[in-house]
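Novice: For reference, the structure I am asking about is given below.
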Amino acid sequence: MFDSKTRTVVIVGAQWGDEGKGKLVDVLAERADWVVRYQGGANAGHTVHIGDDSFVLHQIPSGILHPGVRCAIGNGVVLDPETLFTEIDELVGDGIDVEGRLYVSDRAHLVMPYHKLVDKESQASRAIGTTGRGIGPAYEDKAGRRGIRVVDLKHPERLQELVERGCEYANMRLARFGTAQRASAAETLEALGRVSDRLLALADDLGVLLHRAMKRGASVLMEGAQGSLLDVDHGTYPFVTSSSTTVGGAAIGAGIAPTAIHAALGIVKAYTTRVGNGPLPTELDAVLGDRVRRLGNEFGATTGRPRRCGWFDAVVVRYAARVNGLTGLAVTKLDVLDTLERVALCTGYRRGDDVLEEFPADIAALESLEPVYEWMDGWQVPTGDARTIADLPPAARAYLDRLESLVDTSIRYVSVGTRRDQIIDVGATA
Ligand code: IMP
């Protein structure tokens, strides 16, 4: 992906998350100087398989698994310090050197224990099926100008005021939910006291660091969390996460200029999955859904919840390609479809005699729309050993060709298994 002109690349999920971004970031990080997370929080879960080991990273960019790559958590992330240090300690325990190459924006907001409490106790969060990691309440406090930023840890008196105000607001909400649970300012301050020095040691003005690195010609990989259809503006609102998961969010969430972004790689599964509630137009029936779920091991990396499975929805991905300005696609988990007799691609949504080809804002309308499918023969040959497009069976190639033309974005990578080497670089083999 990186070349002399393409120095800053954003990786985004182009469906509802869990597309396999971690694997692509891991592969591309080999040639990156920096890997930056720009939104979301500990709700994300990236699984990376290396040899027999698998790493699930919630907040730290998966670039950390590559020695020498600098990793950063941007201002657009809501950071859970407790989870961050558990993750760091686990990586160090696995022999991965984190020291001196992990940076945290001093402008990033913190997820406080009371945010998690509110998320878990809220009926509205349950209806959406949130991860319960306090993400929504933390972003609400950020927008409501009640948030606590990393930089606030430097000022104990101000911090106390902010924590007291945050607890008061959280307790007001908890009382309204009718639960007896309450947040304690003293306990919150004590918890912050335990991580404060460690967190401040990682804190820096990330926008400046990135700006200087880019001026020197550094290669920067920006790693999005969740997927485009979970974007707070462009997703299936209100069944979305609370941040801008799309490419526009990368500039804001890392503190760089939008014009500094040179390419955007959209990651899609060869089919569709979604965790949590909300529309999934191409959702499979229980039997086939269960089969694909088992074949693809579709259980949430963060919550372990079974993921809902569906056919590839080209309307969704075409929409994501437009909103993100995708310059290429990476299709993951093609091998999961290896044993299916037939595969389908959704090309539009039927309403009466009309076929809708653009993803609608009105999610209520989706309920009355029927997906229009194009059926294709399955390939029924294992694809896990393919390393070039030519190694794939003709039916799998035909499936990818059709997907590419429906989405109108060229496929740059195809992933055919969980291991690092199970990837086809179409650009390199074309
Ligand atoms: P929240 O981000 O925990 O507030 O959850 C809001 C919605 O986003 C729910 O439907 C979650 O299941 C979904 N979500 C959050 N994080 C992820 C992720 O990493 N992958 C897929 N879905 C996610």
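The values are calculated or read from the model by the stated rules, or taken from the named source; none is laboratory data. This one's a predicted model, so the numbers in the text were calculated from it and none came from an experiment. Cβ atoms come from the backbone with ideal geometry, glycine included; neighbour counts cover every protein chain shown. Heads up: the accessible areas ignore ligands, DNA and RNA and are worked out on the full protein's heavy atoms, side chains in. Shrake-Rupley method; radii C 1.70, N 1.55, O 1.52, S 1.80 Å.
Novice: Please go through the range 377-430 and pick out each residue that is of a type in the set (Phe, Trp, Tyr) and closer than 26 Å to Tyr319 by Cβ.
Specialist: Listed by number, the residues that qualify are Tyr399, Tyr413.
Novice: Another question, then. Tell me, which residue of the range 270-317 that is aliphatic (A, V, I, L, M) and in contact with a Pro (Cβ under 9 Å, 6 or more places away or on another chain) is farthest from Lys21 (Cα to Cα)?
Specialist: Applying the filter and picking the extreme gives Val315.
Novice: A further question on this structure: Return the only residue of Pro371, Pro360 being surrounded by 13 or more Cβ atoms within 10 Å (Cβ to Cβ), part of a loop (DSSP other than H, G, I, E, B) and in contact with a helix residue (DSSP H, G or I) (Cβ under 9 Å, 6 or more places away or on another chain).
Specialist: Going through Pro371, Pro360 in turn, the sole match is Pro360.
Novice: Next question, about the same structure. Which residues, taken from the range 249-278, are under 19 Å from Gln226 (Cβ atoms) and surrounded by fewer than 20 Cβ atoms within 10 Å (Cβ to Cβ)?
Specialist: Within the range 249-278, Ile252, Asn277 meet the criteria.
Novice: Could you list all residues from the range 379-392 that are within 18 Å of Thr332 (Cβ to Cβ) and part of a loop (DSSP other than H, G, I, E, B)?
Specialist: The answer is Trp379, Pro382, Thr383, Gly384, Asp385, Ala386, Arg387, Thr388, Leu392.
Novice: Consider the range 237-265. How many of its residues are within 12 Å of Met222 (Cα to Cα), within 16 Å of the ligand (Cβ to nearest atom) and in contact with a Leu (Cβ under 7 Å, 6 or more places away or on another chain)?
Specialist: Of the residues in that region, 1 qualify.
Novice: Going through Leu57, Leu24 one at a time, which residue ends up being among the hydrophobic types (A, V, I, L, M, F, W, C), farther than 19 Å from Ala138 by Cα and more than 14 Å from the ligand (Cβ to nearest atom)?
Specialist: Leu24
Novice: With over 23 Å from Glu370 (Cβ atoms) and small (Gly, Ala, Ser) as the only criterion, which of Gly304, Gly278 stands out?
Specialist: Of the residues listed, the single one that is over 23 Å from Glu370 (Cβ atoms) and small (Gly, Ala, Ser) is Gly304.
Novice: Filter the range 52-96 down to residues that are among the polar types (S, T, N, Q) and open to solvent by 40 Å² or more (accessible area, probe 1.4 Å) and give me whichever is nearest to Gly132 (Cα to Cα).
Specialist: Restricting to residues being among the polar types (S, T, N, Q) and open to solvent by 40 Å² or more (accessible area, probe 1.4 Å), the top hit is Thr86.
Novice: Restricting the range 279-303 to residues that are of a type in the set (Asp, Glu) and open to solvent by 70 Å² or more (accessible area, probe 1.4 Å), which is farthest from the ligand (Cβ to nearest atom)?
Specialist: Out of the qualifying residues, it is Asp285.
Novice: Looking only at the range 27-51, count every residue that is near the ligand (Cβ under 10 Å from one of its atoms) and among the aliphatic types (A, V, I, L, M) and tell me the total.
Specialist: Number of matching residues: 2.
Novice: Please tell me if Ile11 is more than 13 Å from the ligand (Cβ to nearest atom), within 29 Å of Val323 (Cβ to Cβ), of a type in the set (Val, Ile, Thr) and open to solvent by less than 30 Å² (accessible area, probe 1.4 Å).
Specialist: It is true that Ile11 is more than 13 Å from the ligand (Cβ to nearest atom), within 29 Å of Val323 (Cβ to Cβ), of a type in the set (Val, Ile, Thr) and open to solvent by less than 30 Å² (accessible area, probe 1.4 Å).
Novice: Out of everything in the range 197-230 that is assigned to a strand (DSSP E or B) and away from the ligand (no atom under 16 Å from the Cβ), what residue ends up being nearest to Val316 (Cα to Cα)?
Specialist: Per the criteria, the residue is Met222.
Novice: Only one residue in Tyr399, Tyr349 is among the aromatic types (Phe, Trp, Tyr), open to solvent by less than 60 Å² (accessible area, probe 1.4 Å), over 14 Å from Ile423 (Cα atoms) and touching a Leu at 6+ places or on another chain (Cβ under 6 Å). Which one?
Specialist: When all the criteria are applied, what remains is Tyr349.
Novice: Tell me yes or no: at least one residue of the range 28-39 is in contact with a Leu (Cβ under 8 Å, 6 or more places away or on another chain) and open to solvent by 20 Å² or more (accessible area, probe 1.4 Å).
Specialist: No, every residue in the range 28-39 fails to be in contact with a Leu (Cβ under 8 Å, 6 or more places away or on another chain) and open to solvent by 20 Å² or more (accessible area, probe 1.4 Å).
Novice: Thr272: hydroxyl-bearing (Ser, Thr, Tyr), more than 11 Å from the ligand (Cβ to nearest atom), in contact (Cβ under 8 Å) with a residue 40 or more places away in the chain and under 21 Å from Ala314 (Cα atoms), yes or no?
Specialist: yes
Novice: Can you name every residue in the range 333-346 that is open to solvent by less than 30 Å² (accessible area, probe 1.4 Å) and either outside any strand (DSSP E or B) or out of contact with any strand residue (DSSP E or B) (no Cβ under 9 Å at 6 or more places or on another chain) (or both)?
Specialist: If the condition is that a residue be open to solvent by less than 30 Å² (accessible area, probe 1.4 Å) and either outside any strand (DSSP E or B) or out of contact with any strand residue (DSSP E or B) (no Cβ under 9 Å at 6 or more places or on another chain) (or both), then Leu334, Val336, Leu337, Asp338, Leu340 are the ones that fit.
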